[in-house]
Every structure is written in structure tokens, then in C-alpha cells.
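Participant: Pasting a structure here, questions to come.
The values are calculated or read from the model by the stated rules, or taken from the named source; none is laboratory data. What you see is a predicted model, and the numbers here were worked out from it, not measured in a lab. As a convention, Cβ positions derive from the backbone with ideal geometry for all residues, glycine included, and neighbour counts pool all protein chains shown. These area figures cover heavy atoms from the full protein model, side chains too; ligands, DNA and RNA do not enter into them. Shrake-Rupley method; radii C 1.70, N 1.55, O 1.52, S 1.80 Å.
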Amino acid sequence: MGYRVAIIGAGAVAQRHLEALTKMGLQGVAIADIDQDRAQQAATGSGMNPYTDYREMIGMEQPDIAVITLPHFLHKEVAVWCARHGCHMLLEKPMALNREECDEISQAVAENQVKLMVGHTQHYLAENRKAKEILAAGELGDPVMIQDTRHLYYYHRDRPDWFFEKKRAGGGILMNLGAHSIDKIQWLTDSRITKVKASLSFHGDRGDVEGSGTVFMETSKGFPATLFQSGYPGAPKNETELICTKGMLKWGAGEGLWLSRGGDYRQVPVDDQRDPFVLQLEELVTSIQEDREPECSGEYARTVVSVLETIYCSHKTGRELVVGRGETSC
Ligand SMILES: NC(=O)c1ccc[n+]([C@@H]2O[C@H](COP(=O)([O-])OP(=O)(O)OC[C@H]3O[C@@H](n4cnc5c(N)ncnc54)[C@H](O)[C@@H]3O)[C@@H](O)[C@H]2O)c1
């Protein structure tokens, strides 16, 4: 394939991208982090050149692809810089803090004719793919409701501070994990979320972001979707349930998929899970080779950010809001 790849941000998720590069045999040339030790450590283990300034790295190394794994408030600045320096990009989710930032990125991508893929990894999880395949085959009829529930202790000490600051993260558990759920619902059902009524809570012992959210949504296909997420102490849960006119599905990532056409749920086999970070990078590389938009394009990822913005505004105003309209007043 011959692509030279650089990583910007050597934090928690960068390790997954490094492993994906190795598994794919792609050449990782350099890694940048403002924390010199972190850049050095990641570079030592992977044979890449370490930098503390991503601009210097891009200038010196001129990689074909930049993988951007930074705090959310830096996504726009860095993606625009990389696009202007001719790099194709795998940008971690969420695309940016708001729609205006997404538009700036998309403009730079279009002007410089590079490919942008946003890291919505839900597309590459075996249970999600099987659920999408069953739904698309039509055997369950049409969706009438979908519920996505995620409980995960969010306030663990290892989570870096920026995740708890509205200014740097854009929000809390919803901005971070809700981005995955919104993507999952839209992609799985081939629809877009069009209306939102959200109620959030702020009882965490760190920062100023929400620790839970209950969100009632409507999709462009007319059926409702609900999202329940909490980051307070409790039993972890990651479950999606999709009810259709002729049957229903429920599943959890890495836990299995169950189907009912009447009577009890029975388990359905799913394909072995391949590394989702490899699958997404393969999709980016193929989109470059075929000169087409990747599945999670900037245009698509912007729809997820737009829903998130609407969620925060709905909570603030106490109103149900149409996505893409009105929430800028917040
Ligand atoms: N797709 C997934 O499943 C998944 C999983 C985890 C995280 N993420 C996303 O990945 C991104 C990073 O998350 P993380 O958990 O790795 O965060 P992290 O805080 O562990 O890592 C971020 C790194 O960026 C570095 N950094 C900060 N400012 C910098 C700058 N100006 N230049 C260079 N480096 C800088 C920090 O020092 C840190 O090492 C976020 O967008 C997050 O939402 C995605």
C-alpha cells in the first residue's frame, strides 16, 4: 500500500491505532504529543520519530495520512492544518465541538482534495454489523422503536481532566459515548435523528460536564429512538434493543446478538470480531485508492455533532428541538 502514516496525540486510544498500523503493515513514520515522555515512549515501542509539535512533524515527515487522536477542542485546529498540508486523515470522534467547526474542517478538506474519515468505530463491531444486515434483509419488517442504553463508570481517576471540561471536551458522557450511540442508531437504521428532547444531570465529582442523559429522539423514518446513558457508580451495561413490525433484536458489543420473531429471544451467531481500528483504517485506505468518500465522511460525522449540539440545547431550554434548527441560540 505504501502509505506513510503519522499519529497526532499519544494518549489512550493512540495505542489502538498503533496496533492497527502494525497489523496492516502500514509504515508509521512519526508520532507527536505535547507530552515529550509520551511521544518518546510511543515512538520507542514502534520505531517512529517522536515530536512535541505536530506542525513540525507534518512539515518534516510529510506523511500521506495523519491519525488525529486529540482532545475534542483540538480536532478542528489540527484537522484544518493537516488538510492544508495535504494529509488524508483519520480523525477521532466526535468530529469537532460544533457544526461550525465541522464546516471549517470540511472546507479545508474540499479545498485541498484530501480524504477525511471520522473514527466512528461502531460500524466495525461484529454485533452491530450483523444487526444491520438482518434489518436490511427486511425479515423483521420496519423498525418501530430503538433503545440504546449505556452505563459505564465515567469518573475513574485515570480519565484525563479535559474529558470533564465543557470547554475542552464539548460535553461529558454524551459527547464522548453518546456520539457512538447516535452514530449507531443512524447508521444501523439508515436514518437521521431529526428531533430531540433531552434531560441531563450534573452530579459528577469532577468538572462541569453532564454525568448522565436521557434523550428522546425521532428519526427521519418516523420511529422514535431513546438513549439512556449514565457515568455514575453502578453495574456496567451496553445494550441496544430494536423493535420492528415482525420481530425484535437485542445485542451488546462483544456480548452477542439475540433475535425474536415471537416468543423468547434466541442467540444468533455473529462473525468473529476483527480489530475495528484495522477495519476503519482499511476503509480510509480504500477510499483514498478508489478516490471516493469513506463511509464515515465529514458530512456524515457532522450529523452526529449536530444531534449532540441539539441535545445540550434541548436540556438547557427544556424544549423538544428540531436538529439543525434553533440550537445555535443556545
Ligand atoms: N473510537 C473509539 O473507540 C475511541 C476510544 C477512546 C477515545 N476516542 C477518542 O480519541 C480522542 C483521544 O482520546 P484519548 O482517550 O486518547 O485521550 P488522551 O487524553 O488519553 O490522549 C490525548 C493526547 O493528546 C495529547 N495532546 C494534547 N494536546 C496536544 C497537542 N496540542 N499536540 C499534540 N498532542 C497533544 C495529550 O498529551 C494526550 O497524550 C478523543 O477524540 C476521544 O473521544 C475514541
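Participant: Checking the structure you have, find out if any residue of the range 28-37 is more than 9 Å from the ligand (Cβ to nearest atom), open to solvent by 30 Å² or more (accessible area, probe 1.4 Å), of a type outside the set (Val, Ile, Thr) and assigned to a helix (DSSP H, G or I).
Facilitator: Yes.
Participant: Which one is nearest to residue 58 (Cα to Cα) among residues in the range 1-15 that are open to solvent by less than 10 Å² (accessible area, probe 1.4 Å) and more than 8 Å from the ligand (Cβ to nearest atom)?
Facilitator: Filtering the range 1-15 for residues that are open to solvent by less than 10 Å² (accessible area, probe 1.4 Å) and more than 8 Å from the ligand (Cβ to nearest atom), the one nearest to residue 58 (Cα to Cα) comes out as 6.
Participant: Restricting to the range 127-179, what's the tally of residues that are open to solvent by 10 Å² or more (accessible area, probe 1.4 Å), closer than 27 Å to residue 71 by Cα and among the aliphatic types (A, V, I, L, M)?
Facilitator: 2
Participant: While we're here: Kindly provide the set of residues from the range 65-85 that are near the ligand (Cβ under 10 Å from one of its atoms) and open to solvent by 70 Å² or more (accessible area, probe 1.4 Å), ordered by number.
Facilitator: 73, 77
Participant: Identify the single condition in (1) within 20 Å of residue 296 (Cα to Cα); (2) open to solvent by less than 40 Å² (accessible area, probe 1.4 Å) that residue 113 does not satisfy, given that it satisfies every other one.
Facilitator: Condition not satisfied by residue 113: (2).
Participant: Right, another one. Report, by residue number, each residue of the range 96-124 that is away from the ligand (no atom under 13 Å from the Cβ) and either touching a Cys at 6+ places or on another chain (Cβ under 7 Å) or aliphatic (A, V, I, L, M) (or both).
Facilitator: Selection gives 105, 108, 109, 110, 114, 116.
Participant: Follow-up question, since we're still on this one. Out of the range 261-296, which residues are hydroxyl-bearing (Ser, Thr, Tyr) and either closer than 20 Å to residue 126 by Cβ or open to solvent by 10 Å² or more (accessible area, probe 1.4 Å) (or both)? Even if it seems obvious, please write down each step before you answer.
Facilitator: Start the filter on the range 261-296 by keeping residues that are hydroxyl-bearing (Ser, Thr, Tyr), which leaves 265, 286-287.
Passing the criteria: 265, 286.
Participant: Okay, moving on. Could you check, for the range 220-238, whether at least one of its residues is free of Cβ contacts under 8 Å to residues at least 60 places away in the same chain and either of a type outside the set (A, V, I, L, M) or open to solvent by 70 Å² or more (accessible area, probe 1.4 Å) (or both)?
Facilitator: Checked the range 220-238: at least one residue is free of Cβ contacts under 8 Å to residues at least 60 places away in the same chain and either of a type outside the set (A, V, I, L, M) or open to solvent by 70 Å² or more (accessible area, probe 1.4 Å) (or both).
Participant: Taking the condition of being assigned to a helix (DSSP H, G or I), surrounded by fewer than 22 Cβ atoms within 10 Å (Cβ to Cβ) and under 25 Å from the mean Cα position of the chain (by Cα), how many residues in the range 47-64 meet it? Even if it seems obvious, please write down each step before you answer.
Facilitator: Going residue by residue through the range 47-64, those that are assigned to a helix (DSSP H, G or I) are 54-61.
Checking which are surrounded by fewer than 22 Cβ atoms within 10 Å (Cβ to Cβ) leaves us with 55-56, 59-61.
Filter once more, keeping what is under 25 Å from the mean Cα position of the chain (by Cα): 55.
The number of residues fulfilling the criteria is 1.
Participant: Looking at the structure I just gave you, is residue 18 assigned by TED's automatic domain parsing to the domain that holds residue 283, closer than 22 Å to residue 93 by Cα and open to solvent by less than 30 Å² (accessible area, probe 1.4 Å)?
Facilitator: Yes.
Participant: Would you please list the contacts, defined by Cβ atoms under 6 Å and residues six or more apart or on different chains, that run from a residue in the range 198-218 that is assigned by TED's automatic domain parsing to the domain that holds residue 312 to a residue that is among the β-branched types (Val, Ile, Thr)?
Facilitator: 198/215; 198/311; 199/214; 215/311; 216/226; 217/193; 217/196; 218/194
Participant: Taking residue 110, is it out of contact with any Ser or Thr (no Cβ under 9 Å at 6 or more places or on another chain) and either over 30 Å from residue 273 (Cβ atoms) or polar (S, T, N, Q) (or both)?
Facilitator: yes
Participant: Here is a list: 189, 214. Which entry is surrounded by 20 or more Cβ atoms within 10 Å (Cβ to Cβ), touching a strand residue (DSSP E or B) at 6+ places or on another chain (Cβ under 9 Å) and not acidic (Asp, Glu)? If you could, list the steps in order and put the result at the bottom.
Facilitator: Working: 214 fails: surrounded by 20 or more Cβ atoms within 10 Å (Cβ to Cβ).
189 is the lone residue from the list that is surrounded by 20 or more Cβ atoms within 10 Å (Cβ to Cβ), touching a strand residue (DSSP E or B) at 6+ places or on another chain (Cβ under 9 Å) and not acidic (Asp, Glu).
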